[in-house]
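Structure record follows, encoded as structure tokens.
The values are calculated or read from the model by the stated rules, or taken from the named source; none is laboratory data. Remember, it's a predicted structure, so these values are computed and weren't measured experimentally. Glycine also receives a Cβ, built like all others from the backbone with ideal geometry; neighbour counts cover every protein chain displayed. What goes into the accessible areas is simple: the full protein's heavy atoms, side chains included, and nothing from ligands, DNA or RNA. Shrake-Rupley method; radii C 1.70, N 1.55, O 1.52, S 1.80 Å.
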Amino acid sequence: MTNNEKLAQLLFPDITKTPEDYEAVYPPRNLPEGARVTRFAPSPTGYLHMGGFFGALVDILTAQVSGGVSFLRIEDTDKKREIDDGVSAIIKGFDYFGVEFSEGVTGFGTEKGAYGPYTQSKRAEIYQTIAKSLVEKGLAYPCFCTADELTALREKQESDGALIKGYFGKYAKCRDLSFEEQERRIKAGESYVIRLRSSGDENKRIAFDDVIKGKIEMPENTIDEVLLKSDGIPTYHFAHVCDDHFMRTTHVIRGEEWISSVPKHIELFRVCGYKMPKFAHTPQVLKIDEETGDKRKLSKRKDPEAAVGYFVEEGFPKESVLEYLLTLINSNFEDWRRANPKEDISKFPFNLKKMSISGCLFDLIKLNDVSKNVISVMSAAQVYENVAKWSAEFDAEFNKIFTADPAFSTAVLNIDREGPKPRKDIAKWSEVKAFVSYFYNELYTADVKFDEKLSADDIKAILTTYLTVYDPADDKDTWFAKIKEMCEPLGFTPNVKEYKKNPEAFKGHVGDVSGVIRMAVTSRSNTPDLCAIMQLLGKDEVTARINNAIATL
Ligand code: GLU
């Protein structure tokens, strides 16, 4: 036995498996040529950030268009960032959007797939087995430095003016301890971490082809990076390399904040003898800061829309959010959509290479517009279902009123819908209550404010005349013909163009007349088709509202 082998045995007496055993447990995947294996790897913080969700969509699409596999791995090695059951909230976010990984964690304590466990805290033995084999080969070593010693090292590097900071070369006190000293200190129960024995050369550079960003060149890693912390838990770097190897990830798609760590990862893949996956670093999700007007990262602290849960609470349909995110993900999505207006998003030929390099601007106003389009082509029954479901969770009072008569509410939603030119007025389910409140007596309070250019007498004349001709059975054409007929005797013109040519000759035009009726019936100056509204409200309600309006004059 060599000293390194003896050291490995001292450090990992309970580890009996070898890396080869795990190679057999997790064989290369049997997938067609070109199929990509991707992963989304959040920490279980109970919070799904829009930037994370955006990245997860990229993972899923990359796998989907190539006939590959995407999986969800929970990276819970940093206990400080974790909250109790921080997984369910993340899964719930994906569920709402109907976004599904092929493998991995599916809930608190549940998972599917043959390359698990997919939660890092359950993979300790794998990391320790690999670390043990690196120690055996002299590629890793125990470091006994205390926090104070590491602080002293940092201070020395400051005063030396060292360009590279960290545990390396001449500063790496424990790199070349004798086996006898290592043995003595381990047996004395001293605390230690396991470090990589880097063979990097600060004068050399490494280069890699990032699938999104193109060729990137950086100095080689020279730091003796910690692989296992003193409690045997791996660092992000080591866990990433072991997991993405044994889970057979082909494309590591992750936020661009990880680019600076790639040299470490390249060295680790090399010393472990693993094939390097492709790296694709996604741009940040940005927004325009309201105060400064500058672009900045979407912030968990400042921006409610940074949390995926915000879109659920506001009631943005999942289709709208996905549709909008795709416009950010691939610049050619909007052209594709114009050419394929009805096609399901999953048919879009997503391409990692068509991602923006610099940053994706998340714009709520644009999302609103996209969402109005998406909702406008839904059937009234679909909108009803969605509003009923959303309000059951977020507005119980409205839910009760809205769902009391489903046929009535569906008819309300069907006004100016399901035709060739549907109204594009609703962007999210939370807006529906305000749009439809005048249909429900529980929600309606009359608040009539007539156009100030009309006198009280003229308004009264319009309303009383209308009551004499009003018939709830009128179809739209008859309804409008009656309003036109009322115009001339009251001093208005049925012809808007004529009014515009000669405004002095009239009190107003047909739009003003119907506007008065609209205000009396709904307390609004703008509504969908008024004839349809009046049909749904019914004769008694319409007559009562008009009489009440007359009484206020
Ligand atoms: N757990 C890492 C994070 O939350 C994931 C980085 C990666 O995807 O490799 O930032």
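Given the conditions (1) in contact with a helix residue (DSSP H, G or I) (Cβ under 8 Å, 6 or more places away or on another chain); (2) more than 15 Å from the ligand (Cβ to nearest atom), and given that ILE288 satisfies all but one, which numbered condition is not satisfied?
(1)
Restricting attention to the stretch 148-168, does a residue exist that is under 27 Å from GLU5 (Cβ atoms) and crowded, with 17+ Cβ neighbours inside 10 Å?
yes
What do you reckon, is CYS531 at pLDDT 95 or above, of a type outside the set (S, T, N, Q), open to solvent by less than 70 Å² (accessible area, probe 1.4 Å) and within 25 Å of LYS424 (Cβ to Cβ)?
Spelling it out, CYS531 is indeed at pLDDT 95 or above, of a type outside the set (S, T, N, Q), open to solvent by less than 70 Å² (accessible area, probe 1.4 Å) and within 25 Å of LYS424 (Cβ to Cβ).
Residues in the stretch 431-454 that are open to solvent by 50 Å² or more (accessible area, probe 1.4 Å) and either of a type in the set (A, V, I, L, M, F, W, C) or part of a loop (DSSP other than H, G, I, E, B) (or both): how many?
Quick first cut of the stretch 431-454, residues open to solvent by 50 Å² or more (accessible area, probe 1.4 Å) only: 433-435, 441-442, 445-447, 449, 451-453.
Next cut, either of a type in the set (A, V, I, L, M, F, W, C) or part of a loop (DSSP other than H, G, I, E, B) (or both) only: 434-435, 441-442, 445-447, 449, 451-453.
Within the stretch 431-454, residues that are open to solvent by 50 Å² or more (accessible area, probe 1.4 Å) and either of a type in the set (A, V, I, L, M, F, W, C) or part of a loop (DSSP other than H, G, I, E, B) (or both) number 11.
Being polar (S, T, N, Q), part of a helix (DSSP H, G or I), more than 28 Å from ILE401 (Cα to Cα) and more than 51 Å from the chain's Cα centre (by Cα): is that true of THR468 here?
yes
Determine whether ASP477 is surrounded by fewer than 14 Cβ atoms within 10 Å (Cβ to Cβ) and among the acidic types (Asp, Glu).
yes
Of the conditions (1) charged (D, E, K, R); (2) open to solvent by less than 10 Å² (accessible area, probe 1.4 Å); (3) within 14 Å of the ligand (Cβ to nearest atom), ASP224 clears all except one; give me its number.
With respect to (1) charged (D, E, K, R); (2) open to solvent by less than 10 Å² (accessible area, probe 1.4 Å); (3) within 14 Å of the ligand (Cβ to nearest atom), ASP224 is out only on (3).
When you scan the stretch 35-81, how many residues do you find that are farther than 15 Å from GLU100 by Cβ, polar (S, T, N, Q) and in contact with a helix residue (DSSP H, G or I) (Cβ under 6 Å, 6 or more places away or on another chain)?
3
Could you give every pair whose Cβ atoms fall below 7 Å, whose first residue belongs to the stretch 50-78 and is on the phi > 0 side of the Ramachandran plot, and whose second residue is part of a loop (DSSP other than H, G, I, E, B) and away from the ligand (no atom under 13 Å from the Cβ), counting only separations of at least 6 or pairs across chains?
Listed pairs, sorted by first residue: GLY67/PRO32; GLY67/ALA35.
For the stretch 48-63, indicate whether the set of residues that are hydrophobic (A, V, I, L, M, F, W, C), part of a loop (DSSP other than H, G, I, E, B) and either open to solvent by 60 Å² or more (accessible area, probe 1.4 Å) or closer than 20 Å to PHE279 by Cα (or both) is non-empty. If you could, list the steps in order and put the result at the bottom.
In the first step, residues of the stretch 48-63 are kept if they are hydrophobic (A, V, I, L, M, F, W, C); the result is 48, 50, 53-54, 56-58, 60-61, 63.
If we keep only those that are part of a loop (DSSP other than H, G, I, E, B) too, we end up with 48.
From what's left, either open to solvent by 60 Å² or more (accessible area, probe 1.4 Å) or closer than 20 Å to PHE279 by Cα (or both): none.
Scanning the stretch 48-63, I find no residue that is hydrophobic (A, V, I, L, M, F, W, C), part of a loop (DSSP other than H, G, I, E, B) and either open to solvent by 60 Å² or more (accessible area, probe 1.4 Å) or closer than 20 Å to PHE279 by Cα (or both), so the answer is no.
Only helices (runs of 4 or more DSSP H) wholly contained in the stretch 362-430 count here; list those with 2 or more residues that are of a type in the set (Asp, Glu). Let's see the steps before the verdict.
On the way: elements: 364-376, 380-394, 396-403, 406-414.
In the stretch 362-430, 380-394 are the helices (runs of 4 or more DSSP H) which contain 2 or more residues that are of a type in the set (Asp, Glu).
Is there a residue being away from the ligand (no atom under 16 Å from the Cβ) and among the small types (Gly, Ala, Ser) anywhere in the stretch 60-67?
The answer is yes, given that some residue of the stretch 60-67 is away from the ligand (no atom under 16 Å from the Cβ) and among the small types (Gly, Ala, Ser).
Please work out which residue is farthest from ALA89 (Cα to Cα), limiting yourself to the stretch 287-310 and to residues that are touching a residue at least 40 places away in the same chain (Cβ under 8 Å) and within 13 Å of the chain's Cα centre (by Cα).
Applying the filter and picking the extreme gives LEU298.
Identify the residue in the stretch 243-277 that is of a type in the set (Phe, Trp, Tyr) and away from the ligand (no atom under 11 Å from the Cβ) and, among all such residues, is surrounded by the most Cβ atoms within 10 Å (Cβ to Cβ).
Within the stretch 243-277, the match that is surrounded by the most Cβ atoms within 10 Å (Cβ to Cβ) is PHE246.
For the stretch 227-241, give me the residue count where each residue is open to solvent by 30 Å² or more (accessible area, probe 1.4 Å) and either away from the ligand (no atom under 16 Å from the Cβ) or acidic (Asp, Glu) (or both).
2
Please state which one of VAL135, VAL37 is within 16 Å of the ligand (Cβ to nearest atom) and more than 22 Å from TYR324 (Cβ to Cβ).
When all the criteria are applied, what remains is VAL37.
Could you check the stretch 70-105 and list, in sequence order, the residues that are at pLDDT 95 or above, open to solvent by less than 20 Å² (accessible area, probe 1.4 Å) and away from the ligand (no atom under 16 Å from the Cβ)?
none
Given (1) open to solvent by 50 Å² or more (accessible area, probe 1.4 Å); (2) in contact with a strand residue (DSSP E or B) (Cβ under 7 Å, 6 or more places away or on another chain); (3) within 16 Å of PHE71 (Cβ to Cβ), where does PRO28 come up short, assuming only one miss?
Of the numbered conditions (1) open to solvent by 50 Å² or more (accessible area, probe 1.4 Å); (2) in contact with a strand residue (DSSP E or B) (Cβ under 7 Å, 6 or more places away or on another chain); (3) within 16 Å of PHE71 (Cβ to Cβ), the odd one out for PRO28 is (2).
Go over the candidates LYS122, LYS173, LYS156 one by one and state the one that is of a type outside the set (A, V, I, L, M) and part of a loop (DSSP other than H, G, I, E, B). Show your work before the answer.
Numbers: LYS122 fails: part of a loop (DSSP other than H, G, I, E, B); LYS156 fails: part of a loop (DSSP other than H, G, I, E, B).
After applying the criteria, what remains is LYS173.
Under the condition of being of a type in the set (D, E, K, R) and under 16 Å from ILE212 (Cα atoms), which residue from the stretch 327-365 is surrounded by the fewest Cβ atoms within 10 Å (Cβ to Cβ)?
Here the residue is LYS353.
Tell me, yes or no, whether the stretch 46-57 has at least one residue that is within 16 Å of the ligand (Cβ to nearest atom) and closer than 17 Å to LYS112 by Cβ.
Yes, because at least one residue in the stretch 46-57 is within 16 Å of the ligand (Cβ to nearest atom) and closer than 17 Å to LYS112 by Cβ.
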